[in-house]
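To start, the structure itself, in structure tokens.
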Amino acid sequence: MHTYVTQFVMAYHAEQDHLRALLPEGFESLRPVLRINAEIRRGRKDTIYLELNTPVAGFGKRGWLNIANWESPETDISCKTAKNATVFRAPFLEICFTRLGKTGGCPAESDNDGCFFPCDTVKFRPAERIDQNKEFCSCKFAWKFDENSAYGVSTGGTSIVAMPTEPKQRYDRQALTAPNAAAIPCGQILGAYAVSFVRIVQE
């Protein structure tokens with residue numbers, strides 16, 4: 001089955017010691033980054049999908065650890081596009097991507113074996129290879145779990161590489177949940193892009 005995907009991706013800086021406190025046993029934080037993916041999926045069933053990830057190493061691989069994911073219609077997610085701006089809204093998040101007309105690549109792709117999904121046992125999904133051009137975006141977002149949730153506004157359309165930091169403070173262990181991750185302040189938005197491609201889904 002073919003699904004036609006328009007994917008929007010944004011990464012932002014989040015203190016790495018806070019991220020370390022969220023990680024399950026067996027994972028190591030690679031960079032002080034949280035990433036939001038938003039997808040418009042058109043196929044046999046049209047849906048909107050959101051997910052929150054952070055870069056990790058674990059079980060001999062390097063990639064993204066999925067903190068949470070949501071999909072319509074099970075979750076109330078809307079998407080509206082006006083001119084070059086696309087806005088995703090859910091009860092817990094509002095995020096806007098504005099296309100800038102410039103194309104380029106994503107630095108994190110060279111260090112990505114795939115995505116880990118922690119359940120009773122950890123599931124791993126190999127990285128999706130996308131060869132279409134990515135269009136840089138400006139971005140603004142706000143988590144809405146509570147009044148202390150993170151928010152941010154980008155200052156340009158270029159990508160900034162977040163370098164790993166040495167441990168400085170040990171925080172109490174917390175559950176790997178979206179509200180806990182969203183409570184970590186956004187230092188700055190590191191980059192955002194949009195890309196369209198066809199995904200082949202095995203039924």
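Just so it is clear, none of the values below were taken in a lab; they were calculated from the coordinates. Every value quoted in this text rests on a predicted model; they were computed, and no experiment measured them. Cβ coordinates were reconstructed from backbone atoms using ideal geometry, including for glycine residues, and neighbour counts include every protein chain displayed.
L190: surrounded by 12 or more Cβ atoms within 10 Å (Cβ to Cβ), among the aliphatic types (A, V, I, L, M) and in contact with a Leu (Cβ under 7 Å, 6 or more places away or on another chain), yes or no? Before you say what the answer is, go through the steps one by one.
On the way: surrounded by 12 or more Cβ atoms within 10 Å (Cβ to Cβ): yes; among the aliphatic types (A, V, I, L, M): yes; in contact with a Leu (Cβ under 7 Å, 6 or more places away or on another chain): no.
Criteria not met by L190.
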Checklist entry - Quick check: is even one residue across region 84-95 assigned to a loop (DSSP other than H, G, I, E, B), free of Cβ contacts under 8 Å to residues at least 60 places away in the same chain and charged (D, E, K, R)? => result no
Log entry, pairs with first residue in region 168-184 being closer than 15 Å to L52 by Cβ, second being surrounded by fewer than 14 Cβ atoms within 10 Å (Cβ to Cβ) and of a type in the set (S, T, N, Q), beta carbons closer than 8 Å, six or more apart or on different chains, reads A183/N148
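Do we have any residue at all in region 52-73 that's farther than 30 Å from Q16 by Cβ, without any contact (Cβ under 8 Å) to a residue 60 or more places away in the chain and surrounded by fewer than 16 Cβ atoms within 10 Å (Cβ to Cβ)?
First pass over region 52-73, keeping only residues farther than 30 Å from Q16 by Cβ: 72-73.
From the residues that got through so far, the ones that are without any contact (Cβ under 8 Å) to a residue 60 or more places away in the chain too are 72-73.
After this cut, where a residue has to be surrounded by fewer than 16 Cβ atoms within 10 Å (Cβ to Cβ) as well, the list is 73.
Yes - at least one qualifying residue is present in region 52-73.
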Residue under question is I160, and the condition is that it be out of contact with any helix residue (DSSP H, G or I) (no Cβ under 7 Å at 6 or more places or on another chain), part of a loop (DSSP other than H, G, I, E, B) and either surrounded by fewer than 16 Cβ atoms within 10 Å (Cβ to Cβ) or not basic (K, R) (or both); does it hold? yes
Pairing a residue in region 124-152 that is touching a residue at least 40 places away in the same chain (Cβ under 8 Å) with any residue that is in a strand (DSSP E or B) and basic (K, R), where Cβ atoms lie under 6 Å and the two sit 6 or more apart in sequence or on different chains, gives E135/R99; F136/K102; C137/R99
